[in-house]
1. Could you work out how far helix A:60-74 tilts from the main Cα principal axis of chain A, as a 0 to 90 degree angle to the nearest 10?
2. Among residues other than B:Asp311 whose Cβ falls under 12 Å from its Cβ, what is the net charge (Lys/Arg +1, Asp/Glu -1)?
3. By count of other Cβ within 10 Å, fewest leading, how are B:Val181, A:Val60 ordered?
4. Given H placed on each backbone N at 1.01 Å, which residues far from A:Glu34 in sequence or on other chains put an amide H within less than 5 Å of it?
5. Towards the positive end of the charge dipole of the range B:55-611, with charges on Cβ (+1 Lys, Arg; -1 Asp, Glu), say which of B:Leu288, B:Ala527, B:Ala148 has the farthest Cα.
6. For the range B:158-163, what does the Karplus curve 6.51 cos²θ - 1.76 cosθ + 1.60, with θ = phi - 60°, yield as ³J(HN,Hα) per residue in whole Hz, taken in order and with x for Gly and Pro?
7. Can you pull the one-decimal nm distance between simple spin-label points at B:Met256 and B:Thr396, each 7 Å off the Cα toward Cβ?
8. Full-extension gain between A:Glu301 and A:Gln318, please, as 0.36 nm times their residue separation minus the C-alpha to C-alpha distance.
Amino acid sequence: MQTIDRRGVLGLAASALAIGSGIRSSSAASEGIETIDVTPALISAAQREGKVVVRYSSPVDEMAQMSEAFYKRFNITVQADRKVGVLGTQQFATEERAGRHIMDVNYSADPTGIKDLAEEGYYLRFTLPDLEAKLDKAAYLPTLGYCPKWTEVVISYNPSAIPHERARELFKTWNGLLDPALKGKIGLNEPAGGGVPFATYLMFYRNPQYGKEFLAKLAAQRPRLYPGSAQAREDLGAGAISVFIPNWESIAMIGVLRGDKTAWTYPDIAPAFANTYFCISKNAPNPNAARLFAAWFFTPEGAAVMQLAQAKPTLKNQPEMRTAVAELKKTDWWRPYPEEIRWIPDTDDWIKSSDTLIPEMRRTLGWRG
Amino acid sequence: MMFTTKNVGAIHRSGEDHARAVCSSSSAPASIERRVPLTEASAIPERIEAIDRGRSVAGERIRAAVTWLFLAVVTVLVVTPMAAIVFGAFRTRSPGDPRATFSLQSIEAVYLGLFNGGWTQSATLHTVLLAIPVTISATALGLFLAWAVTRTNMPGKRWFEFGFLLSLLYSPLVGVIGWTVLADPAAGLLNGLWSALTGASDPLFNIYSYGGIAWVMIFFFAPYAFLLNVGGFRSLDVTLEEVAAVSGANLFKRMMLITLPVMMAGIAAAALFIFTLALEQFAIPGFLGTHVQFDTLAYAIFLRTNAYPSDLPGAAAAGTLLLILSSIGLFAYRRLTRHSERFVAVTARGYKPGVTELGAGRYVLFGVCLLIFIVGIAAPLIAVALRALLPVRTMTFDPGSLTLDNFRVLFSAADMLLGLRNTFYLAFGAATACSVIGLVVAFQITRRKSLAKSILDYMIALPIGVPGTVFGVGMLWAYVRTPLYLTLGILLLAFVIRYLVYSVRSIGGALMQIDKALEESAAVAGATPFKSFMFVNLPLLRPVLASAWLLVFLIVMREISSSIILYGAHTVTLPILTWNYLNDGSYGVASALAITQIGIVGVVFIVLTRFFGADLRARAAE
């Protein structure tokens, strides 16, 4: 218990110090919403803390590059603790409810959990300066979480099974997946497998040209169902399946750099959304370092780091710097992501519907109970 | 009239008991003891009685106090996370959430769902349909292999002893990679070969099926039955079988009437062990069964703790259902082993371990074992090694594409050394703690029966009855306020609580095979109970202790389900790294890690056997 008390006292002291030194307040602050900007004062306050504890569910390589770049730039160690899926949120909730303040930043792909814990008051309410100029509205949960990268859903295929021209023609719309020739050759990520599959199936539900029946039609194609997308991408590369949905472009690009024999194309409409948000713990033990970490990736410098990990930054007007794109430009099949196909899910709809729709989607795909 | 040394303890109590004991000894199967003339033995009961009287009342009290102390400590350790799980099952939200209220909704959804088409119905049915045949088949296979390497003169036994344990050295998730590479119906190498040889368009194997899942699980669990029985087989006195052979019993009859009944304690322990593992296994049915909507209870629970939408109360409630299922297994085990004296194989008289001469049949047996090894163990392992050497998985094998890049990535990873160090600390720590505590507990439970000891016996089996993820959540809820949280200490504690039952069962099984008369003989010679334990039981149990130690060591080396909830940035382990690589799609690096892990554990195994005398063949009484 002494440890907890000491941490609590240190946390309060650090918060007081932060307020006094680094954190810039604005008119939003009067509403309890803090505006966080990367200022010299914040940087020096964060450097005095020397460390930031980040819990994350994104790929390990991506976080490794982010951590390394952050350390090189600010000389602040990133203690990265990976918890996939909803585990990070659950663990943070359990800690906070028990009065243990351990995590500074949650880089979380669980919007439902984020909103839920915000109601309990465990997340800092904050915003970024010039927010509308910097980010698309779809890239953040207002005052709560800000996503530094886009997740753009694509249809991935194995060119040995479906030649590029045929794939481009076939998958102009999602209806191409209903081609009888693809029966038994489609891989689907199961609805409970993460934000990307749920967003994609939600898109079918919410768009009349497809409707919820489309999922049933896909089920009639006897797809292979995958608990996670990684296994599906492995199978796609090996030729065990001919096409996989939903994949997303940045992760597909990493595969190509690694030597995967896969390609992808863009249908008429596809989810493009912010999948992973930076949220700051209200009781962060390293409050300045937490603020700096969460805000820096929305500067041009931080956005460039995201591109090192082949992620497409949400920060507007950034030059294309991804090495995978440079490689892909040399191919005859790849073309840049067509912005007009973006379907941005309504986060409120997402949060309200996931509890009921995910079991329903699973039943549609053949699970019982 | 003759009587046996085995019965001296009973005989001394009264003259009437004497006759009854003699009669009962003849009905005890496989208890063939040294016959002693009555006149020579008649003095023994008086001496034992005198020694018994001589044992101070204080000594008895100390033993009782130790038992109750153990019971209290184990109860606190076990009950804390288990109570958190049960408490969580009756909440609308996670414990600690201020919006949570008491409710039966999760319990109703789980238990009524079994009958009204709820989420637990098909999952529970699938779980049972998988666990029972897998338990029977894996136990039988492991038993057969243990018999082959210990009780026959088959050539190459030493190699097989190590070979049959290979699949214990890496994660089931990696095993799934191996089997997928081999037997994917559309892209498996074996199916490709079959198609090339026969021109057939239909695959020969389909790993994504009920049969495929069961197949992988059988070969994954059979080594446990092998490990848990190889010591018992080695300790078995060949005289028992020789007497039966002299009486005209053939090999099959000897197996059925002598060997298996005497081995029942070890067999039951192995079956119980495999049954509980099969119930809580989420990785194999999860990865292979999802393709065909074959979900099991453990996988459904895993989804509730890891995927969207999170439902921890539901997971906790379903954990209680699995606990009930595994309790049925525990009950069956207790029924099978309730008469521990029936399993006595190491008696006070001269002891003769040995092998059955099979003549030319030994080469046939060798061929069968080699086939099992190749098909069940070597093939997926080679596939994993192949995947580790390939940048991407392909349908065909191209030697030109082999590379060590995955190993380079692995060894340049910042967490690799940390994970290696943590895993070894935890595996050594948990194995040692479980062996030491398990020895004391097993001795208490096996040798001196009482209500408290029966409770203790049930208590230590509880944590293995719930899936590891649920147990991890229970530990998280229970220990988040303590300084142990996010340290190696909480992982170590979780492993000791969860796996103590395995060392108790394996050591207890061996103890049942050691005749109490040995201790009584020591007492006659003036030894205190402690001395008797140290100089009679402990030397006999040394190989079994090594076996129990290795068993827990191997389990912890690849434990993922509880760790995934409890680990932190500084307490990452090799199985967690494997999990992360798999989640990121780095199957090649995960395979490289598995191969590395096999290499490292293999070295530990060799060091233990060569330099520290650990001997899984358990020449107990030699």
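1. Approximately 30 degrees, to the nearest ten.
2. Numbers: positive: B:Arg91, B:Arg93, B:Arg304; negative: A:Asp355.
Surrounding charge for B:Asp311 is +2.
3. Numbers: B:Val181 28, A:Val60 20.
Ordered from fewest to most neighbouring Cβ atoms within 10 Å, B:Val181, A:Val60 come out as A:Val60, B:Val181.
4. A:Arg125, A:Phe126, A:Thr127
5. Farthest towards the positive pole: B:Ala527.
6. With the stated coefficients, the range B:158-163 comes to 4, 5, 5, 4, 6, x Hz.
7. Distance between label points: 5.3 nm.
8. On the way: separation 17, 0.36 × 17 = 6.12 nm, distance 1.00 nm.
Contour length minus the Cα-Cα distance gives 5.1 nm.
Rule-based calculations on the coordinates, nothing more; no lab input. As the structure is a prediction and not an experimental result, all values here were calculated from the model. FYI the Cβ positions are ideal-geometry reconstructions off the backbone, even for glycines, and counts take in every protein chain you see.
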